[in-house]
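Supplied in structure tokens, the structure appears directly below.
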């Protein structure tokens with residue numbers, strides 16, 4: 001995950017919005033992803049955005065993409081205790097052989113009552 | 001629909017011992033991935049299979065790691081001999097086609113003492 005960077009921790013109050021930020025390096029990435037990982041579980045795809053989009057909204061989730069700055073953010077509205085998890089930003093990258101997904105180190109989201 | 005299955009869920013071995021992990025992808029998924037996730041980091045791709053052929057193994061430490069997918073369905077990942085730094089969660093993922101969603105298994109947590 002050395003090419004995709006995220007802050008390590010975020011703490012928010014229940015009911016507030018959470019904003020998790022990410023920067024990536026490959027301007028040719030076609031898809032950018034947000035994955036959620038709960039303790040002891042595998043990764044679950046939360047949402048993704050195609051690189052020609054600026055914004056995508058899906059219920060409580062809003063993804064913003066600034067392609068010029070290679071900045072991606074995930075906003076979770078009305079954050080609930082069930083949103084406590086590690087959130088991974090990831091970019092797709094294609095070389096001559098295959099496409100692969102490069103992950104950031106993850107942001108641990110904790111919810112305060 | 002059954003998800004990606006992995007076994008064992010946990011494994012503790014001593015350094016220099018051998019270990020093998022098993023993955024059963026979602027039925028019909030041609031592409032299979034093995035990732036290594038060290039504590040506090042994002043998953044790092046080790047190897048990618050398309051059916052029973054290797055597409056990308058550039059990040060696989062081939063002096064000690066090996067993987068196979070002989071019939072294009074199940075896959076095994078082996079470490080021989082293990083080192084302390086191999087302690088990690090080993091995640092298997094599969095996808096139907098290029099560009100479709102990757103589904104992750106729950107992972108195998110390996111501890112090398």
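Which value in nm describes the separation of the simple spin-label points at residue A:84 and residue B:71, placed 7 Å from the Cα toward the beta carbon?
My value for the distance between the label points is 4.3 nm.
List residues of segment B:93-107, by number, whose backbone nitrogen lies under 17 Å from a label position 7 Å along Cα→C-beta of residue B:7.
In segment B:93-107, the label zone of residue B:7 (backbone N under 17 Å from the point 7 Å along Cα→Cβ) covers B:105-107.
Tally the DSSP beta bridges in the protein assembly as shown and give the antiparallel ones as a percent, rounded to 5.
Details: 72 of 81 bridges.
Of all bridge pairs located within the protein assembly as shown, approximately 90 percent are antiparallel.
For A:71, B:29, which order do you get if you count the other beta carbons within 10 Å of each Cβ and list the fewest first?
Fewest to most other Cβ atoms nearby, the residues stand as A:71, B:29.
List the relative contact order of chain B as a percent without decimals, with contacts defined as Cα pairs under 8 Å and 6+ residues apart.
Values: 287 pairs, mean separation 42.0, N = 113.
Over chain B, the number comes to 37 percent.
Also: What is the mean projected area of the alpha carbon convex hull for chain A, to one decimal in square nanometres?
7.0 nm²
Using Cβ counts within 10 Å as a stand-in for footprinting exposure, how do B:4, A:4, B:55, A:19 rank, fewest first?
A:19, B:55, B:4, A:4
Once R0 is set to 30 Å, what does the formula 1/(1 + (r/R0)^6) return for the Cβ-Cβ distance between residue A:41 and residue A:68, expressed as a FRET efficiency to the nearest 0.05?
The calculated FRET efficiency here is 0.30.
Another one. Need the C-alpha centroid separation for segment A:80-111 versus segment A:32-67, integer Å.
Cα centroid to Cα centroid, the span is 8 Å.
Please give, to one decimal in nm, the separation of the simple spin-label points placed at residue A:30 and residue A:8, each 7 Å out from Cα toward the Cβ.
3.6 nm
Another question, then. Quick one: P(r) of chain B from all Cα-Cα pairs, 5 Å bins, percents rounded to integers, in order of increasing distance.
Histogramming chain B at 5 Å steps yields 2, 13, 24, 27, 19, 10, 4, 1 percent.
Same structure again: Suppose R0 equals 45 Å; then what is the FRET efficiency for residue A:59 and residue B:51 from their Cβ-Cβ distance, rounded to the nearest 0.05?
0.80
With a 10 Å Cβ neighbour count serving as the proxy for reagent exposure, in which order, fewest first, do B:103, A:50, A:103 appear?
A:50, B:103, A:103
Given 20 °C and 1.002 mPa s, how large is the Stokes-Einstein diffusion coefficient of the protein assembly as shown in µm²/s, with Rh as the Kirkwood radius over Cα pairs?
118 µm²/s
Here, each number is a calculation from the coordinates, and none is a lab measurement. Fair warning: this is a prediction, and the values are worked out from it, not measured in the lab. Using ideal geometry, Cβ is built from the backbone for each residue, glycine included, and neighbour counts are taken over all protein chains shown.
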